[in-house]
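Beneath this line is the structure, given in structure tokens, with notes to follow.
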Amino acid sequence: MDQDDRAERAERAERAERAERAERAERAERNDLLARRFEEHRAHLRAVGYRMLGSLGDAEDAVQETWLRLSRSDAGAVDNLGGWLTTVTGRICLDLLRSRTTRREEPLEVGDAPVRLPDPVVSGPHRLDPEQEVLLADSVGIALMIVLETLSPAERLAFVLHDMFAVTFEEIAPILGRTPAATRQLAGRARRRVQGVAPAADGDPTRRRQVVDAFLAASRGGDFEALVSLLDPEIVARSDGGSPLPGVLRRGAADVASQAIAFARFAESAYPALVNGTPGVVSMADGKPLSVMAFTVRDGRITALDILTDPERLALIDLRAVLAG
């Protein structure tokens, strides 16, 4: 091989290397742009996942799976990225919900002892941080999340995507493998169940906090009559202590008041908090969280009390803002 041939081959190799570097740089730039565009939608997708799954961890897993599917797709062919991401996240959540049913993780029945309460979103007593505000837009309280747990996977998808995120039935139908008309019927059934069971809360947060504070004072003081006066006669109290402990459900002001007084003896301290955006309480004992309580207040009385006491799930909640006051 003469010198000219070697020079030509070296030049071709250099051109190929430059082209490969340019292609890698272009691909990295496209991936960075795609990642930035995805991050713009992450909070919204977590909100979709939370409403669909009732679990913050599972919601985050669904969002990550959505990113993986986006990174493997031809994103340039997607006209409406936000809509595409929402429907993909919905499809992933639907598969997870169906998997739960297959594993016989029965949904919570509002009229019976609860199996599992949804994950609470806990923040300081005064305001949510911006990410939590997106997560809890439209007042997604614990009481509403509990009702969503009672829906079938298909009903939950149709209701959540359409009623909470304004996705059209034409877009939802292919996810479920149904017609738009059938999907509309699913959402209608879910809507009627939600409206019939989820208790409406008072709109004034200051008044709700006053009722919660009065409940705490009466519980600590062992004032049974004061407690009963704060509770709706038909109050429902649910408690989730985690597997293998069964959920506990109590009804009626007298029963709930008696249990509140007994429970208050175990708590060394109680801190005001926002639980899913509404006034709630975090109780502590031996430096560890004992419970997170979410209250539904209507017409100045507590109509629902939902209590998470599962130590494993409590340990995952960031309580720094709550303890700092």
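The values are calculated or read from the model by the stated rules, or taken from the named source; none is laboratory data. Just so we're clear, the structure is a prediction, and the values are computed from it rather than from any experiment. Cβ sites come from the backbone with ideal geometry, for glycine too, and all protein chains shown count toward neighbours. These accessible areas exclude ligands, DNA and RNA; they are computed on the full protein's heavy atoms, side chains included. Shrake-Rupley method; radii C 1.70, N 1.55, O 1.52, S 1.80 Å.
Report the gain in length on full extension from residue 127 to residue 320: 0.36 nm times residue separation, minus Cα-Cα distance, nm rounded to one decimal. Working shown, then result.
Working: separation 193, 0.36 × 193 = 69.48 nm, distance 1.36 nm.
This chain segment gains 68.1 nm when fully extended.
For the stretch 242-325, which trypsin sites (Lys or Arg not before Pro) pass both filters: DSSP loop (anything but H, G, I, E, B) and at most 10 other C-beta atoms within 10 Å?
On the way: sites: 250, 251, 265, 298, 301, 313, 320; in loops: 265.
Hits after loop and neighbour filter: 265.
Roughly speaking, what is the stretch gain from residue 248 to residue 39, that is 0.36 nm per residue apart minus the C-alpha to C-alpha distance, in nm to one decimal?
Working: separation 209, 0.36 × 209 = 75.24 nm, distance 3.97 nm.
Net length gain for the segment: 71.3 nm.
Measuring with a 1.4 Å probe in the full set of protein chains, what accessible area per residue, in whole Å², belongs to the stretch 211-279?
48
List, in order, the whole-Hz ³J(HN,Hα) value for each residue of the stretch 304-314 obtained from phi through the Karplus relation with A = 6.51, B = -1.76, C = 1.60 and θ = phi - 60°; use x for Gly and Pro.
8, 9, 10, 10, 9, 10, 5, x, 5, 6, 4
Test of the criteria: in the stretch 214-315, which chymotrypsin sites (Phe, Trp or Tyr not before Pro) are in a DSSP loop and have at most 13 other Cβ atoms within 10 angstrom of their Cβ? Could the numbers behind the result be given before it?
On the way: sites: 215, 224, 263, 266, 295; in loops: 266.
Loop-located and lightly packed - 266.
Calculate the translational D of the stretch 258-319 in whole µm² s⁻¹ from Stokes-Einstein, where the hydrodynamic radius comes from the Kirkwood formula applied to all Cα pairs, the temperature is 4 °C and the viscosity 1.567 mPa s.
Details: Rh = 12.2 Å.
In µm²/s, the coefficient is 106.
Would you kindly derive the ³J(HN,Hα) couplings of the stretch 169-180 from the backbone phi angles with the Karplus curve 6.51 cos²θ - 1.76 cosθ + 1.60 (θ = phi - 60°), listing them in order in whole Hz, with x for Gly and Pro?
The phi angles translate into 5, 5, 7, 6, 3, x, 5, 8, x, 10, 7, x Hz.
Using the Karplus curve 6.51 cos²θ - 1.76 cosθ + 1.60 with θ = phi - 60°, work out ³J(HN,Hα) for each residue of the stretch 273-284 in order, rounded to whole Hz, and write x for Gly and Pro.
My calculation for the stretch 273-284 gives 8, 9, 10, 6, x, 10, x, x, 9, 10, 9, 10 Hz in order.
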